[in-house]
Structure formats: structure tokens, C-alpha cells
1. Check which residues have an amide H placed less than 5 Å from ALA41's amide H, if you skip close sequence neighbours.
2. Among 71-78, 283-290, how do they line up by average Cβ neighbours within 10 Å per residue, starting with the highest?
3. Calculate the dipole size of the range 173-282 relative to its Cα centre from +1 charges on Lys and Arg beta carbons and -1 charges on Asp and Glu beta carbons; express the result in debye to the nearest 20.
4. Quick one: check the C-alpha center-to-center distance for the range 102-150 versus the range 1-59, whole angstrom.
5. Taking the Cα centre of the range 4-218 as the origin, how large is its charge dipole in debye, to the nearest 20, when only Lys and Arg (+1) and Asp and Glu (-1) carry charge on their Cβ atoms?
6. Considering amide H positions built from the backbone, and no H for Pro or chain starts, which residues 5 or more places from TYR278, or on another chain, come under 5 Å of its amide H?
7. Rg and Dmax of the chain, Cα atoms, in Å?
8. When the Karplus curve 6.51 cos²θ - 1.76 cosθ + 1.60 is applied with θ = phi - 60°, which whole-Hz ³J(HN,Hα) does each residue of the range 29-38 get, with x for Gly and Pro?
Amino acid sequence: METLKLDLICGEKSEKIAKAAEILKNEGIVAIPTETVYGLAASAYSDEAVAKVFIAKGRPQDNPLIVHISNIDMLSEVACDIPEKAYKCAEKFWPGPFTMVLKKNTSVCDSVSRGLDTVAVRMPSHVTARAIIESAGIPLAAPSANLSGCPSPTNAYHVINDLDGKIDAIIIDDECQVGVESTVITLAGDTPRLLRPGAVTVEQLREILPDIEIDEAVLAEPTSDVVASPGMKYKHYSPKTTVYLVEGDSDRFADFVNSKKNSAAICFKEDKNINIPYIVYGSECDEGSLAHNVFSVLRDIDKENYSDVYVHAPSKTGVGLAVYNRLIRAAAFKVIKL
Ligand code: TXA
Ligand code: MG
């Protein structure tokens, strides 16, 4: 299949957004930018379109999709029995990098939630993403637009690299601002629970949901096949190079990596005296910069033929928790504490 490139950086935006919406209404699949990562969108009302997403990504069949809406009225079209606290969260964190798991409305295809009675819902803040949903007039199911298992795509070229020839169209727009996928919480159980950390932090969530619990899968390897969020149990975001996550101060990190042959480091801009090849992924003091670059550097490291890459671990506070959560999966839970 030839993938249509709809370039918004040069040319007429509104026509290209209308074209993307038309493809989506006709049960096609289109990669769209969001503020977190690029998504691979399909009508949440079409089993046929959703099936194409799973095939293009090679996505495990039991991993449900997030449904994207463009205004608060759409929430009750896709979810039901919506608790008051969901509206409070929506008011505070939408539009933005925040997803809520709620009871599913029957209008949403069972193939979106892979048989669960819940649905994950997000209202993105990205203007193009919302314009496409508005123009299509339907909620869009959209996982990250990468091949399953690969680092999530934060610019259109990552998407082209993974999915060109496998999907109907790609919107080419600027790189994603946040860089890691949305925060996912569930409000479908008795107690609110964080399933995946993101740019909306635990600290911010606690202001609205003081009793929120952090799912054990956020920082540890799941020990059973039954997890609250199926996406958490897969090896994720992995480049071909073997990744190790390394905890320790700057001096110890440098001493440690300098003894490694045929390896590279992914480090902070504050790190000094590193004598092996390295890529800086941001500032230790600015977790947002680490989130913005983490997936991109994991892709870049694969352009060389290193056997191993040692990543300097961020703090687990603020957005750092989201970065740590992605890196520990990229490392298949191999953590070295210095
Ligand atoms: O920022 C994002 O959320 C991006 C952009 C495109 O919006 N999307 C994204 O989708 O990250 P995906 O499919 O890569 O991750 C969705 C996560 C998975 O871990 C999945 O298991 C979880 O959300 N999820 C979806 N529906 C769920 C449900 N009903 N219950 C529990 N977890 C759910
Ligand atoms: Mg994903």
C-alpha cells in the first residue's frame, strides 16, 4: 500500500486535515501528531479499522487502545457510569497528556477494549489532533504509531521508519512536545490507581485524588500475566542495542561506563569525564527535557553498532517517574545500582 504523506509544515493545513478525517470516516488508519507521541488513529466505532491498527503495529491482541475525544460532550458517548471525580480530573487535566479508564459505553467497539468492560479515554491538547477528531466527528482509537516493542515515535520520521507502506496516511507535523505517552489512571475500581506515569505527575494527581494508589507494574516487572493495564506486561520501547539502566551519581556513572568496551552511554548534560561514545538526553535537573528526548535517543543509539548502552537513570519524582518507567522497560528490567 502507498502511504499518503499529508505535510502540515508546508502547504494548506485545513485541506489535509479534512483528507485525514475522510480516510478515518471510511475506516482507514492515519498516523496523527499529539502532544505526547504520534498516534495511529482509527474510528473507535469500526471493528474493521481497529483490526487494521493491530495488524500494522504487530500489536499483541490483548492490549486495548486509548479512545481520543475532542470535547467533553464526547466523554459520555464512549464511557458510562462516569464518577464525579472523573469530571474533576477532566476539568484539571484536559485537554492534555492524561487518560482515564472508565466503564465502557456499548457504542465503542469491543475490539478497542479487547473484551474488557472498561475504556481508556483521553482528550489531547494538540491542535491538529483535536481538529482531526472534530472534522471526522467520531472518537478515535489510537495507540502510539510505532511497531510494537519499538521506542514510541516522537516525530513523523520515526513513524515513516516504522509504518510507511502499512497505513493509509501520515500527517507530517512538528515533533511532539512532551515526548512520553500520557499518564493513565483507572477510575473503574473502588480506589483510583495510576497505571502508567506521564507528564501529569503523581504529585498533581494527589491534589484531586488524594487516595490514588500506584500500580506495582509502574516500577517493577509484573510477576503475573494478569495486570491492571495489559500494556505494562510487554517488553517495550526496546532498541536492538541491549539497554542497562544505571543508578548512581555522576562520578560513579563515568567510572563505571568508562570500563565498558564496544558500548555507549546515554547521559545527562551535567555528566563529565565520559570516555566512551555518548548521547546527552537532557538535564538531570529538568525531567521534562529527559522525557522530550528519551525515545528519540533510544532510536538514535541503534544507528551505530554498539553491543550495549548504559543509560544514566533519572530521579523517580515528577515527570522523572515516567522517564524511569519507560527506561526500565527498554532495559527489560536490568538495573545496575552503583
Ligand atoms: O499519549 C498517549 O497515550 C498515546 C497517544 C497516541 O495518545 N497513546 C498511547 O497508546 O500511548 P498505547 O496504546 O501505546 O498505550 C495505551 C496504554 C496501554 O498500556 C494499554 O494497556 C492501556 O493504555 N489501556 C488501554 N485501555 C485500557 C483499559 N481499558 N484498561 C486498562 N489499561 C488500558
Ligand atoms: Mg505504545
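1. For ALA41, the qualifying residues are VAL30, ALA31, ILE32.
2. Packing order, densest peptide first, comes out as 283-290, 71-78.
3. Result for the range 173-282 is approximately 600 debye, rounded to the nearest 20.
4. Cα centres, the range 102-150 to the range 1-59: 12 Å.
5. Here the size comes out at about 180 debye.
6. For TYR278, the qualifying residues are ALA265.
7. Spelled out, the Cα radius of gyration and Dmax of the chain are 19.6, 58 Å.
8. Values, residue by residue: 10, 9, 7, 10, x, 9, 6, 8, 9, 5 Hz.
Taken together, the values in this text are just the output of simple stated rules run on the coordinates, not laboratory data. Bear in mind that the values here come from a model prediction, so they are computed numbers and not experimental data. Neighbour counts run over all protein chains shown; Cβ positions are idealised from the backbone, glycine included.
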